[in-house]
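> Here you go, one structure.
The values are calculated or read from the model by the stated rules, or taken from the named source; none is laboratory data. Quick caveat, the model's predicted, so the values are computed rather than measured. Note: ideal-geometry Cβ built from the backbone for every residue, glycine included; neighbour counts use all protein chains shown. Heavy atoms of the whole protein, side chains included, go into the accessibility calculation; ligands, DNA and RNA do not. Shrake-Rupley method; radii C 1.70, N 1.55, O 1.52, S 1.80 Å.
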Amino acid sequence: MAKKSRARNFWGVFQSVLVASALYGFIYLTVLIFQRGSFPKSPSDLYKIPAADHRPGSSSSDSVGAGGSLHPPSKLKVEKIKTNANWFNRPESLVVPKDDFLGKRPHIDTIANLTKLVEECRGSYKNIEKMPYVYDCLKYLETGEQEYFYLPPRGERASEQPPKLAEYLDADGADNTLAEFPSYKTASKHSIGQCNGPIVPYHVYWTGPATWRVELFVKSHFHTQNIPCVRLWIWLDGDRDKNAVDKMMNHDPLFKKFLPFVERGDIVLKTWRFPKRIPLPKGDNTDGVGYYKNPGKPNSKNETLVADGLIRDSNDQEWLVLTEKQMTFLPVAVSDAVRFVVLHIYGGAYFDMDVVLLRDMRPLLIGDEHSFAERWGGHPSPGDYNTAIMSLTANSTLSSYLLRGGVRMGLNFHPRIIGVMAVKDHRNQEFHMLETAAFDPIWTEFNWDRLGKCTVPCLHDYGQVFKGKNAFPLKDEWEAFSGEPLKLASESKSRGHFWDMRRNVKQVKENTLDVRADDVSATTATYDRDALAKAEYKIEEDDYPPTNRTMENFLRGSWTYHVHNQWLKNPEPSSWLNVIQRAHDGFFSHSRMNPYGEKWEGPSIPEYEISWEYP
């Protein structure tokens, strides 16, 4: 009887496991079909998992708000190019873009009042009643510059201070050895120019070969920033690849187009290796914990352990020391740590590489108190920071505090963890939290916390800016727009084509374009570009027809747009991101202005590559 009972129980368990396995298999197959968009062609396809979007070099926030995206198919659809509607004869827009929509660039010493920005877009640190009204914040950022921008009194401006007192290393372009900042000279084809104030470093972190995201960030940098007054430092991961800089300089076909800027100093390629010790400023570096009453004896290097994790050398310089054990347990999210270390040592601003710069960042970065990050979406907690865009004063008590805190917590620099620590220790108000409208305007929309009007354009997810096909108007994209309509391109002689620009003869030979038809085979299809460009354009045959989208109406007021994730996805023709690409390429081909009404005087920059998965 007992044997029958055991057999019955075993059979019941077996049936349960069988049913659970079948149910799991059904759910897995459903999700797989949804991700791929088609039924698996063979059993082996069941085990091919789409590549993850989150890549090293992006912040913790990049896992937010975007689903998985598949790698573009290896079989490119070049055979489906339409003679009467293609990349080469598609009009740039249905309207005439207004390029200089931001007006004159701010004065070199202009400072943004961060406290004012907080009050107008949030309310206060305790009362955040304004925070969900993203449209109102963007409108204030667009129209309220006279309130939140200001010039310090004469004698107190950054450009009038001796370079040796500047926060940033090489702030005068001469290792801070000049008696005063030189006169301003604009950048030219062969010169980076001269800044008549402190040169501010911008930092980004990257691993692996360059992609179109690197190109998008770098081009947006040159499109919007005051070039003589900024240096772009690209930190390449030397812990993973000791030859990372050499590969980027000598073996990266996409980054090759930016080598002239490395040679003249606009871009500085730096090798990132996690340091074993980090210098700290003079003063109390114990965050209230206290120094040892009886420090140990000096070691062979005449260094003394004065507190937990702190040593003092013979020159009274204190260092934060990382042990081998700590280095062994370094978290995967290295980029979360990189930004805190780099900004502590060098100062300036840090950006994730999947960011598009839309305005000159300088007014946010040259004030005496320029430490800030943004809010984590629509979360109301004062500790919910997002550090995809952030700034810290170099070698400051705040940067030291944040750095030591991350080390104490096991090298955990996730912004929301750091934020909780700062709130607990009552130091968060030193680290300004700017609202999402300043850097990532649609995140609050994604969190469903937005109140009032939607942004212009009204975007509900991070994939929407990639869409051009059958996407105009996309839902309620223009519901909050109240400006004057732009002039139709058909009424203007300035109508042009996206790719109708000055081209490098080495890139286009005899007006033909060679395209790989298959990543695996060596099959090559050759198309007559000149013939395609001259063919009559028929909008009714175009899957990606031009629209009235222009950069002028892309989230006006915001300093940046954070693309978030979707690393393997390319913008469709006529999408918002493609509109930005067109603006960049028009600027660098000397045929258009940037948002500040300036012409490009620097070296020629090749245009974006055509995305052949979109015929």
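> So for region 112-135 (the condition being open to solvent by 40 Å² or more (accessible area, probe 1.4 Å), without any contact (Cβ under 8 Å) to a residue 40 or more places away in the chain, more than 30 Å from Lys453 (Cα to Cα) and not in a loop (DSSP other than H, G, I, E, B)), does at least one residue qualify?
No - not one qualifying residue is present in region 112-135.
> Within region 556-601, work out how many residues are assigned to a loop (DSSP other than H, G, I, E, B), crowded, with 21+ Cβ neighbours inside 10 Å and of a type in the set (Gly, Ala, Ser).
4
> Report whether or not Glu160 is more than 28 Å from the chain's Cα centre (by Cα), open to solvent by 30 Å² or more (accessible area, probe 1.4 Å) and either of a type in the set (D, E, K, R) or under 30 Å from Thr547 (Cα atoms) (or both).
yes
> Suppose we keep only residues that are touching a helix residue (DSSP H, G or I) at 6+ places or on another chain (Cβ under 9 Å) and open to solvent by less than 80 Å² (accessible area, probe 1.4 Å) within region 146-157. Which one would you say is farthest from Gly483 (Cα to Cα)?
Pro152
> Moving on. May I ask you to say which residue of Ser381, Ser391, Ser400 is touching a helix residue (DSSP H, G or I) at 6+ places or on another chain (Cβ under 8 Å) and open to solvent by 10 Å² or more (accessible area, probe 1.4 Å)?
Ser381
> Just need a number here: residues in region 68-101 that are open to solvent by 40 Å² or more (accessible area, probe 1.4 Å) and modelled with pLDDT of 95 or more.
Residues that pass the stated criteria total 1.
> Criterion first (open to solvent by less than 10 Å² (accessible area, probe 1.4 Å), farther than 23 Å from Trp567 by Cα and in a loop (DSSP other than H, G, I, E, B)) does Gly288 satisfy it?
Against the criterion (open to solvent by less than 10 Å² (accessible area, probe 1.4 Å), farther than 23 Å from Trp567 by Cα and in a loop (DSSP other than H, G, I, E, B)), Gly288 does not qualify.
> Among (1) open to solvent by less than 30 Å² (accessible area, probe 1.4 Å); (2) without any contact (Cβ under 8 Å) to a residue 40 or more places away in the chain, which single condition is Cys195 missing?
Every listed condition holds for Cys195 apart from (2).
> How about region 346-378: which of its residues are of a type in the set (A, V, I, L, M) and in a loop (DSSP other than H, G, I, E, B)?
Hits for region 346-378 are Met353, Leu358, Met361, Leu365, Ile366.
> Given the structure, is Val200 within 23 Å of His590 (Cβ to Cβ) and open to solvent by less than 10 Å² (accessible area, probe 1.4 Å)?
no
> For region 428-451, name all the residues that are part of a loop (DSSP other than H, G, I, E, B), open to solvent by 50 Å² or more (accessible area, probe 1.4 Å) and not acidic (Asp, Glu).
Trp448, Arg450, Leu451
> Just to be sure, is Pro298 surrounded by fewer than 17 Cβ atoms within 10 Å (Cβ to Cβ), in contact with a His (Cβ under 9 Å, 6 or more places away or on another chain) and outside any helix (DSSP H, G or I)?
When the stated conditions are applied, Pro298 does not pass them.
> Does Ala179 satisfy being assigned to a loop (DSSP other than H, G, I, E, B) and surrounded by 18 or more Cβ atoms within 10 Å (Cβ to Cβ)?
Spelling it out, it is not the case that Ala179 is assigned to a loop (DSSP other than H, G, I, E, B) and surrounded by 18 or more Cβ atoms within 10 Å (Cβ to Cβ).
> Give me a count of the residues in region 554-570 that are within 22 Å of Phe587 (Cα to Cα) and at pLDDT below 95.
2
> Something else: It is to be established whether one or more residues within region 253-273 are part of a strand (DSSP E or B), without any contact (Cβ under 8 Å) to a residue 40 or more places away in the chain and crowded, with 22+ Cβ neighbours inside 10 Å.
The answer is no, given that none of the residues of region 253-273 is part of a strand (DSSP E or B), without any contact (Cβ under 8 Å) to a residue 40 or more places away in the chain and crowded, with 22+ Cβ neighbours inside 10 Å.
> Could you list, in sequence order, all residues of region 208-233 that are touching a helix residue (DSSP H, G or I) at 6+ places or on another chain (Cβ under 8 Å), assigned to a strand (DSSP E or B) and not aromatic (Phe, Trp, Tyr)?
Val230, Leu232
> On to the next question. Just the residues that are in contact with a helix residue (DSSP H, G or I) (Cβ under 7 Å, 6 or more places away or on another chain) and in a helix (DSSP H, G or I), please, taken from region 452-469.
If the condition is that a residue be in contact with a helix residue (DSSP H, G or I) (Cβ under 7 Å, 6 or more places away or on another chain) and in a helix (DSSP H, G or I), then Val465, Phe466 are the ones that fit.
> Then there is this: Might you check whether a residue that is polar (S, T, N, Q), touching a residue at least 12 places away in the same chain (Cβ under 8 Å) and in contact with a strand residue (DSSP E or B) (Cβ under 8 Å, 6 or more places away or on another chain) occurs anywhere in region 226-233?
Among the residues of region 226-233, not one is polar (S, T, N, Q), touching a residue at least 12 places away in the same chain (Cβ under 8 Å) and in contact with a strand residue (DSSP E or B) (Cβ under 8 Å, 6 or more places away or on another chain), which makes the answer no.
> Also: Against the condition surrounded by 17 or more Cβ atoms within 10 Å (Cβ to Cβ) and not β-branched (Val, Ile, Thr), how does Arg312 come out, does it pass?
Here the answer is yes, as Arg312 does meet what is asked.
> Out of the residues in region 448-468 that are under 16 Å from Cys121 (Cβ atoms) and not acidic (Asp, Glu), which is modelled with the lowest pLDDT?
Arg450
> Against the conditions (1) within 28 Å of Asp384 (Cα to Cα); (2) loosely packed, with under 15 Cβ neighbours inside 10 Å, where does Leu141 fall short? Just the number, please.
Condition not satisfied by Leu141: (2).
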